[in-house]
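As structure tokens, the structure follows; a few thoughts come after it.
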Amino acid sequence: MLNTALTSSMLLTAAHAAANVLYVSSYSGKVTTLDLNPDSSPSCGAAGNVPALKALSSTDGCAGSPSWLTLDHARSTLFCIDEALPSHKGSLASFKTNSDGTLTTLDKAVTLGGPVSGALYGQNGSALAVAHYGAGALTTWDVSNPSNLTLVQSQQYHMDKPGPVADRQNAPHPHQTLLDPTRNYILVPDLGADKVYVYAVTANSLKVTALPPIVVKAGSGPRHVAFAVRDGKTFMYLVTELANTIIGYEVTYPAGGIKFKKLFNIDSHGAGKPVSKTVSAAEILVSPDAKFLIVSSRGDNTFSIPNFDPENSANITSDPLINFLINGKTGSLSLIQEAPCGGRYPRQFSTNKAGTLVAVGQQKDARVVLIQRDPESGKLGDFVGYADVAGEITSVIFNE
């Protein structure tokens, strides 16, 4: 691994030109802006010369339990979803992103309970689809004017009986909203119901229409999906939290519709590598060039790495990021690497558009970590930045 402060500084400075800050949400009730320029003070380094990232600002305008951030970079708008735990109501807040890293509150609306994910859709991203884990529902919002957030639709889900994992599947628990590559369909994985709901985006409208859902093996617990468009083909990958699997699909668009053909179902650490029941898969992400796929896994405690804090000699326990190569012809996945994510419980992570950096939020360690990534090989390398951020971190995204 590279371990020079110069290399880390060069990587972060290059990233700064394209995406100067990271936005971080946590259950502290705050959204924090981190500067991607490394802190050059003598105390910033640690074992391996990992630079500390400076907090530029924070806001509690999305309190009490910010759970997800969605950025409309073109309109300099950040949307923050608040679970408001343990309340039965959540909220949706909008902010203007300023050049100095500060966030200016534009509006805040009360929502159904337990919102955990949001995705922009519609013309110029004028609407936001929100998955409500707690309320078991999908809501859609008109965000064309970020200063006037307006509810469009509300879809409540129902189950006749609990799923096989009764304590987690006692009710519908939609966990994500994501657009397909054509931006004409919205996917909503439901951990409780073992389904992925599919919606068509109505042309020239903010309304969505339900299509037949994808049904997966009982007890799987669908969490998140990701798409890859390769060699004229479209593939979708579903990570399941309860079964710790990755299910691959080929996606086609017959007669203006959408169809999913199941290709495989493998363990989240790779085919033939089952994990303990105490482990739970979390995020799944396809690289910007659609050649690689990364999954995060929580509770593995796989690695022991040097502490980022120069005053602390105790090693850090780290869960893994599992790295796969995508076969462009078949959609199959080949394991290429398991790498430390920099802490415990990597609930969410994201990449920059260049594919050179991965930002990981460590929920149990209250830390954000930046990892160098080689776009050619897809492999993760050095830690090139970190920041301690108060609270359980729920999401971290680049300002791109």
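From the alpha carbon centroid of region 341-355 to that of region 63-113 is 20 Å. With all protein chains kept in place, the per residue accessible area of the chain amounts to 40 square angstrom at a probe of 1.4 angstrom. Looking only at Leu357, Leu211, Leu178, which one moves most when the chain is put into a Gaussian network model with springs between Cα atoms under 10 Å? In this elastic network of the chain, the residue with the biggest mean-square fluctuation among Leu357, Leu211, Leu178 is Leu211.
Residues in region 208-223 carry Karplus couplings, in order, of 10, 10, 6, 10, x, x, 8, 9, 10, 4, 4, x, 6, x, x, 10 Hz; the curve used is 6.51 cos²θ - 1.76 cosθ + 1.60 with θ = phi - 60°, and Gly or Pro positions show x.
Along the axis of the charge dipole computed for the chain (Cβ charges of +1 for Lys and Arg, -1 for Asp and Glu, origin at the Cα centre), the listed residues Ala243, Ile371, Thr105 are led at the positive end by Ala243. Highest mean packing comes first when the peptides 273-279, 148-154 are listed by Cβ atoms within 10 Å, giving 148-154, 273-279. A straight line joining the Cα centroids of region 225-265 and region 296-339 runs 24 Å. In sequence order, region 329-346 has phi-based couplings of 8, 10, x, 5, 10, 10, 5, 10, 5, 10, 10, x, 8, x, x, 10, 6, x Hz under the Karplus curve 6.51 cos²θ - 1.76 cosθ + 1.60, θ = phi - 60°, and Gly or Pro positions carry x.
Calculate what fraction, in whole %, of the accessible area of the chain sits on carbon and sulfur atoms when a 1.4 Å probe is rolled over the protein chains. Answer for the chain is 51 percent, counting heavy atoms of protein chains only. At 25 °C and 0.890 mPa s, what whole-number value in µm²/s does Stokes-Einstein give for the translational diffusion of the chain, with Rh from the Kirkwood sum over Cα pairs? Once the numbers are plugged in, D ends up at 116 µm²/s.
Under the convention that each Lys and Arg Cβ holds +1 and each Asp and Glu Cβ holds -1, the size of the dipole of region 280-399 around its Cα centre is about 400 debye.
Most tightly packed first, judged by the mean number of other beta-carbon atoms within 10 Å of their residues, the peptides 307-313, 234-240, 111-117 read 234-240, 111-117, 307-313.
The values are calculated or read from the model by the stated rules, or taken from the named source; none is laboratory data. Everything quoted here is computed from the prediction, not taken from an experiment. Methodologically, a virtual Cβ is constructed for each residue, glycine included, from the backbone with ideal geometry; neighbour enumeration extends over all protein chains shown. Please note that ligands, DNA and RNA were not included when accessible areas were found on the heavy atoms of the full protein model with its side chains. Shrake-Rupley method; radii C 1.70, N 1.55, O 1.52, S 1.80 Å.
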